[in-house]
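Let me begin by presenting the structure, written as structure tokens, before commenting on it.
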Amino acid sequence: MNLDFTPKELASYIKKAGELVREIYEEKLDRHVFPGKTPKDVQALFDEPLPEQGLNVEALLEKVRSDVIGSATMNIGPHYYGYITGGGNQVAILAEMISASLNQNNLKWHSSPISTELEKLVVNWVSQFIGYSDQVAGAILDGGSTANFNCLAVARKNMSPENLSAEGMYGMKPMTIYVSEEGHSSFDKAVDALGIGLNNLRKIPVNDQFQIRPDLLRQQIKKDRKDGLNPICVIGIAGTTNSGAVDNLGVLSDVAKEEKMWYHVDAAYGGPAAKLPSVQHLFDGIEEADSVVVNPHKWLYVPFEAACILVKEPEKLRRTFSLIPDYLRSNEDEGGRTDLMEYQLPLTKSFKSLKVWMTLKAFGSKRLRETIQGDIENAQYLQSLIEKSDDFEMLAPVPLSIACFQYAPAGLSEEETDELNRKLAHAIEQDGRIFLTATKIRGKTALRTCFINPRTTKKDVEWIPEVIRDLAGKVD
Ligand SMILES: Cc1ncc(COP(=O)(O)O)c(C=O)c1O
């Protein structure tokens, strides 16, 4: 039974869906960021038995308008500063529609020549954009967590004896991996899932700039070797999740070389800033990494999902993931074909490269870099407002575009200030005018703002302390 629309219906529904998109951008961006609903509220909107009969598309789009869009957090809007969530971009909306229409599956070259070749091109463009390497192998995956997992799998495979694939890790010396205590939780998940073990992920203390301490890193590696362990990988962070700190990547590269270890850099967030004149000195040494993760869906404004793994020596990536069963053996010997399934854990995935390619083509690297610089200036502007005020206090430096601070009016003890900020984080969400999250900085509760959305203006930034002051007067 054919499920397609008539050509006339198709054109009409695309127009109607386009109208919804226009409404989001014209009417909803300034709406309260958090929709102000409870889990029960959202469940109630969709609570029905599996439908036996279909609904006509006009009515379905109406339901989407009221209940889907109405229950969404407006994280593409100018007042969203939570987590590390990019604002997306409108060229990529067009890409997503075309990508879904073509439904490409890039497991093998012949199942999608265009998706394969665009992915190879885009991976190299992203690598050049961050100043890594001109010729890398890589893949575009769903997120930084999966990407870090894939890269640690590459490190593990290439730093262990030949029989790892067949025999697993049984009987081997325990492997150890090193990251700063500010490292993203995806590394904890990865070492757990890869059988390396959480106790073998060494969290090295940081300095007052939240950068890993190379002296303590060296000491720990030496001790572990002496204790009979097998140190395999040093991880540098180019933009920590908490405060945007960039490790001293050059020194980490020296350590990895001296110790003959794999060197991985997690640039999931900060990578796109790496060639900006204002901050590029922070990223010196990234070019020495064996592998890098960078997320176009964060600071390259590509909508979810798109996270790149970049590996300097293609064969090291291929030998980690290449496994070709009979049902996937066809035509691979025809000149110059690459089957992406050999370079990543997933087999089937969506045509992610189209939206990244269209974004880079439509805006060009110059405009994207200028936009990223604008985000950094927004974070610095908030920092300057806070430093000038007498009721706020910065809790961390602002090397990139994350600012962490406390509302700290005079007369409160440290504990009372912490308690007030915890309450404020909740009140801010419920109020909905702005959206930010809380974290801990050296044990203190911080309000954390991340600026990776070019829709945010200086005036919007000025509003952040105003809204917080207003709410502080209302929380008890
Ligand atoms: C430094 C860093 N690495 C990895 C990740 C994980 O990325 P994702 O959320 O795309 O899985 C994040 C997420 O914020 C991050 O900040």
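Suppose we filter Gly364, Gly374 for residues that are assigned to a helix (DSSP H, G or I) and on the phi > 0 side of the Ramachandran plot; which single one remains?
Of the residues listed, the single one that is assigned to a helix (DSSP H, G or I) and on the phi > 0 side of the Ramachandran plot is Gly364.
State yes or no: is Leu216 away from the ligand (no atom under 16 Å from the Cβ) and of a type outside the set (Val, Ile, Thr)? Yes; evaluated as a whole, the condition is true for this residue.
For Leu354, are the conditions met, namely being in contact with a Phe, Trp or Tyr (Cβ under 8 Å, 6 or more places away or on another chain) and at pLDDT 95 or above? In short, no.
Among all residues of the range 241-250, there is none that is modelled with pLDDT of 95 or more, more than 16 Å from the ligand (Cβ to nearest atom), more than 29 Å from Cys450 (Cα to Cα) and surrounded by fewer than 23 Cβ atoms within 10 Å (Cβ to Cβ).
Residues in the range 445-476 that are of a type in the set (Asp, Glu) and more than 14 Å from Asp391 (Cβ to Cβ) were compared, and the one that is surrounded by the most Cβ atoms within 10 Å (Cβ to Cβ) is Asp460. For the range 102-119, the criterion of being among the β-branched types (Val, Ile, Thr) and within 16 Å of the ligand (Cβ to nearest atom) is met by none of the residues. The residue that is surrounded by the most Cβ atoms within 10 Å (Cβ to Cβ), among those in the range 341-359 that are under 18 Å from Lys316 (Cβ atoms) and among the aliphatic types (A, V, I, L, M), is Met341.
Within the option set Thr338, Thr320, being in the same structural domain as Ser112 (by TED's automatic domain parsing), in a loop (DSSP other than H, G, I, E, B), hydroxyl-bearing (Ser, Thr, Tyr) and crowded, with 16+ Cβ neighbours inside 10 Å holds for one residue only, Thr338.
Among the residues that make up the range 356-365, is at least one of them in contact (Cβ under 8 Å) with a residue 24 or more places away in the chain, touching a strand residue (DSSP E or B) at 6+ places or on another chain (Cβ under 7 Å) and either within 16 Å of the ligand (Cβ to nearest atom) or not assigned by TED's automatic domain parsing to the domain that holds Asp142 (or both)? Within the range 356-365, one or more residues are in contact (Cβ under 8 Å) with a residue 24 or more places away in the chain, touching a strand residue (DSSP E or B) at 6+ places or on another chain (Cβ under 7 Å) and either within 16 Å of the ligand (Cβ to nearest atom) or not assigned by TED's automatic domain parsing to the domain that holds Asp142 (or both). Scanning the range 266-288 for residues that are within 14 Å of the ligand (Cβ to nearest atom) and over 14 Å from Gln128 (Cα atoms) yields a total of 4. Would you mention how many residues in the range 132-148 are of a type outside the set (A, V, I, L, M, F, W, C) and either within 14 Å of the ligand (Cβ to nearest atom) or within 10 Å of the chain's Cα centre (by Cα) (or both)? Qualifying residue count, the range 132-148: 6. Is there a residue being away from the ligand (no atom under 16 Å from the Cβ), under 30 Å from Asp431 (Cβ atoms) and part of a loop (DSSP other than H, G, I, E, B) anywhere in the range 85-97? The answer is yes; a qualifying residue exists. The residues in the range 384-425 that are within 27 Å of the chain's Cα centre (by Cα) and part of a strand (DSSP E or B) can be counted, and the count is 6. If you check Ser133, Ser160, Ser165, Ser145 for being touching an Asp or Glu at 6+ places or on another chain (Cβ under 8 Å) and either closer than 24 Å to Glu313 by Cβ or not in a loop (DSSP other than H, G, I, E, B) (or both), only one passes: Ser133. Among the candidates Gly36, Gly18, the residue that is under 28 Å from the mean Cα position of the chain (by Cα) and either in a helix (DSSP H, G or I) or among the charged types (D, E, K, R) (or both) is uniquely Gly18. Among the residues of the range 158-173, are any in contact with a Phe, Trp or Tyr (Cβ under 9 Å, 6 or more places away or on another chain) and assigned by TED's automatic domain parsing to the domain that holds Ile324? Yes: the range 158-173 contains one or more residues that are in contact with a Phe, Trp or Tyr (Cβ under 9 Å, 6 or more places away or on another chain) and assigned by TED's automatic domain parsing to the domain that holds Ile324.
The values are calculated or read from the model by the stated rules, or taken from the named source; none is laboratory data. As the structure is a prediction and not an experimental result, all values here were calculated from the model. Positions of Cβ are generated from backbone atoms using ideal geometry, with glycine treated the same way; all protein chains shown enter the neighbour counts.
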